[in-house]
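Only one structure is covered here, and it is reproduced in the block below.
The values are calculated or read from the model by the stated rules, or taken from the named source; none is laboratory data. Here the structure is a predicted model, which is why all the values come from computation and not from measurement. Don't worry about glycine lacking a Cβ; one is built from the backbone with ideal geometry, like all the others, and counts go over all protein chains shown.
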Amino acid sequence: MSDQRQMMLVVNPSAGHGRTGRNWPRLKDYLHQHGLSFDWAMTERPLHATELTREALKAGYRCVVAVGGDGTLNEVVNGFFEGTTPIAPEARCGLISTGTGSDFRRTFGWSKDLRAAVQRFTSSDFLEVDVGVVSCVDRDGRQVQRLFINVVDLGVGGETVVRVESGSKALGGFLTFFWGVLATLATFRNKQVKLTLDGEEVFDGRVASVLVANGAYCAGGMHVAPGASPCDGRFDIIVVGDMPRLQLLAALPSMYWGGHLRLKKVSRYSAREVEVCTQEHMLLQADGELLGTAPARFRILPRALRVQTGRHPPFSRA
């Protein structure tokens, strides 16, 4: 591309229970009418957004925008890198949220309003945000490594994603994930884990969930890590301990406003490197997509990705 400001929009037509694909002609016209110049490509299969992003960056595009939910954004973020090496360090990642959960945007205080999205992309402002690296075992028993930008949840969150993905998302983000969690808790059994942070073992016991958070929200609006910043070079780690099922159900509403952090069996830590070890079957979801199972290792890539933010970024650049 001769114009390196040209944008590529990577569109997931399946996002938002298929609404993204159905609404794309109107969305595309709206963006053009409001002065945005861009090319676009539709995803056709899992991980296709990663391929399309890499192709776009290597072709000279310097802004690639995920049009979809957190899963689409995750694939686009992975496309900015070969392994953990940036393909084009000066390139920017953007987001137009049209998915079911769309939780990463909440950390920035972004709505789904298209007018606000247009303002972000007509501004020159960006933030350099942290990116997480997770290594775990996939469903076929192979060791895999993947990047994430928002939250990884081991335990209840992983089981919930299985239920959500196998059912309908027509109820929208909040109700879809809320009912998914309720159904999961009906049969879920807590897992025995060891948690090591920056080389020091800090926890050995049974848990319902271990969350490794770069952003503050997951599961359709749960405020699981209040105050978490994707720009501070550290993960927030939330451990939901060995609560009985009824206690977990009672605590669930508080997770939508951050009140769970006041509970005795909920612990919060901060670290750059995390290791979760278990001998039990413990599913792991990353940015709302099932990735595999523990044991798992995490490390952070500080300020590794430029995210298009608009004129009033919510976090300090320092």
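Of all residues in the range 277-299, those that are outside any strand (DSSP E or B) and farther than 22 Å from Thr72 by Cα total 5. Condition test on Gly141, is it outside any strand (DSSP E or B) and buried (at least 22 other Cβ atoms within 10 Å of the Cβ)? So Gly141 fails the test. Criterion first (in the same structural domain as Val156 (by TED's automatic domain parsing), of a type outside the set (S, T, N, Q) and not in a loop (DSSP other than H, G, I, E, B)) does Val224 satisfy it? The answer is no for Val224.
Only one of the listed residues (Gln279, Gln308) is in contact with a Cys (Cβ under 7 Å, 6 or more places away or on another chain), farther than 15 Å from Val181 by Cα and in contact (Cβ under 8 Å) with a residue 24 or more places away in the chain. That residue is Gln308. Only a single item in (1) under 17 Å from Ala219 (Cβ atoms); (2) in contact with a Phe, Trp or Tyr (Cβ under 7 Å, 6 or more places away or on another chain); (3) buried (at least 24 other Cβ atoms within 10 Å of the Cβ) is not met by Gly94, and it is number (1).
Residue pairs whose Cβ atoms lie under 6 Å apart, separated by 6 or more positions or on different chains, with the first residue in the range 242-255 and free of Cβ contacts under 8 Å to residues at least 24 places away in the same chain and the second part of a helix (DSSP H, G or I) and surrounded by 14 or more Cβ atoms within 10 Å (Cβ to Cβ), are Ala251/His260; Ser254/His260.
Taking the criterion of being in contact (Cβ under 8 Å) with a residue 40 or more places away in the chain, out of contact with any strand residue (DSSP E or B) (no Cβ under 9 Å at 6 or more places or on another chain) and not hydrophobic (A, V, I, L, M, F, W, C), the residues of the range 185-222 that qualify are Gly220, Gly221.
Looking only at residues of the range 57-86 that are among the small types (Gly, Ala, Ser) and outside any loop (DSSP other than H, G, I, E, B), we find that the one that is farthest from the chain's Cα centre (by Cα) is Gly79. Of Ser270, Ser229, all but one fail to be in contact (Cβ under 8 Å) with a residue 24 or more places away in the chain and part of a strand (DSSP E or B); the exception is Ser270.
Restricting attention to the range 97-130, the residues that are at pLDDT 90 or above, crowded, with 23+ Cβ neighbours inside 10 Å and within 22 Å of Tyr61 (Cα to Cα) add up to 2. Scanning the range 46-56 for residues that are surrounded by 21 or more Cβ atoms within 10 Å (Cβ to Cβ) and over 22 Å from Pro25 (Cβ atoms) yields Thr50, Thr53. Scanning the range 144-176 for residues that are part of a helix (DSSP H, G or I) and either of a type outside the set (A, V, I, L, M) or modelled with pLDDT of 95 or more (or both) yields Gly157, Gly158, Glu159, Thr160, Arg163, Glu165, Ser166, Gly173, Phe174, Thr176. Counting the residues of the range 33-51 that are assigned to a loop (DSSP other than H, G, I, E, B) and acidic (Asp, Glu) gives 1. Tell me whether the range 248-264 contains one or more residues that are closer than 21 Å to Thr196 by Cα and crowded, with 23+ Cβ neighbours inside 10 Å. No, because not a single residue in the range 248-264 is closer than 21 Å to Thr196 by Cα and crowded, with 23+ Cβ neighbours inside 10 Å. For the range 18-45, a tally of residues being in contact (Cβ under 8 Å) with a residue 60 or more places away in the chain and surrounded by fewer than 16 Cβ atoms within 10 Å (Cβ to Cβ) returns 4.
Do we have any residue at all in the range 78-88 that's without any contact (Cβ under 8 Å) to a residue 12 or more places away in the chain and either surrounded by 24 or more Cβ atoms within 10 Å (Cβ to Cβ) or over 23 Å from Gly21 (Cα atoms) (or both)? The answer is yes; a qualifying residue exists.
Kindly evaluate Ala286 against the criterion of being closer than 16 Å to Val131 by Cα and out of contact with any Asp or Glu (no Cβ under 8 Å at 6 or more places or on another chain). Judged against the criteria, Ala286 is a match. None of Arg105, Arg22, Arg54, Arg26 is in a helix (DSSP H, G or I), in contact with a Ser or Thr (Cβ under 7 Å, 6 or more places away or on another chain) and of a type outside the set (S, T, N, Q) except Arg105.
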